[in-house]
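To keep things clear, I will list the structure first and then write my remarks on it.
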Amino acid sequence: MQESIESNPEFRVGQRVHAAGDPRRIGAVKYVGPIHGYSGTWVGVDWDDGDAKHDGSINGVRYFRARSDRSGSFVRAHNLSAGISLLQALELRYRGESTKEEEDEMYVLSASNKRVSVQLLGKDKIQHKLSQFEELTSASVSYMGVSTPGVPCHIGTIVPKLKDLDLTGNLLSEWKDVGTICGQLPALAALNISNNLMLLEICGLPQLKAIHILVMNNTGINWSQPSSSFVVRGFDSLRLLNLEDNCIAEWDEILKLSWLRSLEQLHLNKNNLNRIYYLDNDRMDELLGGNESQKESYTPFENLRSLLLGGNNIMDLASVDSLNAFPKLVDIRLSGNPVADPGQGGIPRFVLIARLSKVEILNGSEVRPRDRKDSEIRYIRLVMSKLHENPEEIKQLHPRYAELKISHGIEDERPSVGAAGPQKMASGLLSITLKCVGASIGEKPPLTKKLPATTTVGKLKILCESFFKLKSVKPKLFLQEEGSPLPILLQDEMASLMDLGIGNESIILLNEES
């Protein structure tokens, strides 16, 4: 295969390419050479979108191994493009005339569903302004097949004031090329290299002291670890780092970012993380190589305010509780993880709020003071109902329980004085609003009833049949919680309202069994 590559130097194994004429159809070269039974040289490509013909073998002969059964294909070299330089892409995007195809796509539909062309007022003036590269501060060359920086010394002189650069969906793979681009743009503050399949180990990057926002979605990154005392440094001004959709599985990889002292937002949605923990002294020693002076001045993630972890595999409560150790963390996303999905045995929103002492935004929804108070009281009620099982074990599993009882003035099985007056936690009446949502039930006005906290789900179903005069409908109950995307099914008929942590002024939806 080495001979075949040398005979056709235009493409090489590992090179990122796109289909000629379609820079959005991107893949990686996996083979260059002959195919038995066919003349000439072929290029085997594994396409990112997985939409191709085979797995890298043809007529029983394997030439390369594709990522899936249908992501590989063999094409002639003239049907592929090795890409263009950053400077060429800027020329095409900002100095080139818009094509007929681009202008044909600029239309709206009239009332009679006919296309009406859109004309841009001042188009020539806008194009003239953008073509003045020396004044350009923001540029997007997404999906334009950028594969190289171009002549390094030309970048800084042609676009010297560039602050925001979007390189999404191009053919970059070498970190040294990203370093070259950044090194030539001293004013660059925001960089997006999403959907460029980068080499696994980050190397060749300068200390990017001016970068405030770095977005690296779906780049396949992995922080290299030359020794056990490795932490990511040099991004002195970095405030937002987006690493979504990168298949990161180990939290230790994320801990290497804990030295980024300006970091305020860290986006880790759609990775493969299964646990979270804050740095203890032993792990801190490993990361810092036993350097005591650094350790004394080192507060991990000291300015992190937002941590987005949606769509991972986190399933343990210890990971949730560990988020309280982050000094300034107030914005947390856990949706899409088993631990936050009651349907997978996870905990409901009110328990998350109660366990997370500082959270102000949970899963994109504001946690107001009343939400926090109601959630914490419901949580105390929930834990209190289980204390008879194994008090010591439950206290260990609920580290905020004792603190919250004191905070809200609640004692075991004794009256609790609140806005509604004295009330025993186990026997008080709860104001519950019942709403019918089932199509076969018909339109019925909501009912608000005062029910004992010991009322079971099974008993409530029977009461609903009586309240709404249901005859042939088998009811199904859901708890509607503010801030939760979907109502929570109440399926355990033996569980009481108290067991489920259902509090005053809760809303329960009544549907029919399907």
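Annotation: amide H-H contacts under 5 Å for Val146 (H modelled 1.01 Å from N, sequence separation of 5 or more, or interchain): Ile84, Leu171. The amide H of Arg25, built 1.01 Å from its N in the peptide plane, has Ala19 as neighbours under 5 Å, considering only residues 5 or more places off or on other chains.
Which entries in the list Lys161/Lys256; Lys256/Lys405; Lys405/Lys469; Lys270/Lys461; Lys163/Lys256 go over 30 Å, if you measure between the two C-alpha atoms of each? Provide the component values of the computation, followed by the final result.
Values: Lys161/Lys256 32 Å; Lys256/Lys405 37 Å; Lys405/Lys469 41 Å; Lys270/Lys461 38 Å; Lys163/Lys256 27 Å.
Pairs exceeding the cut-off: Lys161/Lys256; Lys256/Lys405; Lys405/Lys469; Lys270/Lys461.
Over 26 Å apart at the Cα level, from the set Lys328/Lys373; Lys386/Lys471; Lys395/Lys476, are Lys386/Lys471; Lys395/Lys476.
Share of antiparallel DSSP beta bridges in the stretch 470-514, in percent to the nearest 5?
Working: 8 of 8 bridges.
Rounded to the nearest five, the antiparallel share is 100 percent.
A simple rule links phi to the HN-Hα coupling: the Karplus curve 6.51 cos²θ - 1.76 cosθ + 1.60 with θ = phi - 60°, which for the stretch 62-78 gives 8, 9, 7, 10, 7, 5, 9, 5, 10, 9, x, 7, 10, 9, 6, 4, 6 Hz, with x for Gly and Pro. Mind running the shape call on the stretch 302-382? Use the C-alpha gyration tensor, a ≥ b ≥ c as the square roots of the eigenvalues: rounded below 1.5 for a/c, prolate if a/b tops b/c, oblate otherwise. Oblate, since a/c reaches 1.5 and b/c is not below a/b.
Readers should treat all values here as calculations from the given coordinates under stated rules, not as data from a laboratory. Keep in mind that this is a model prediction, so the values were computed, not measured.
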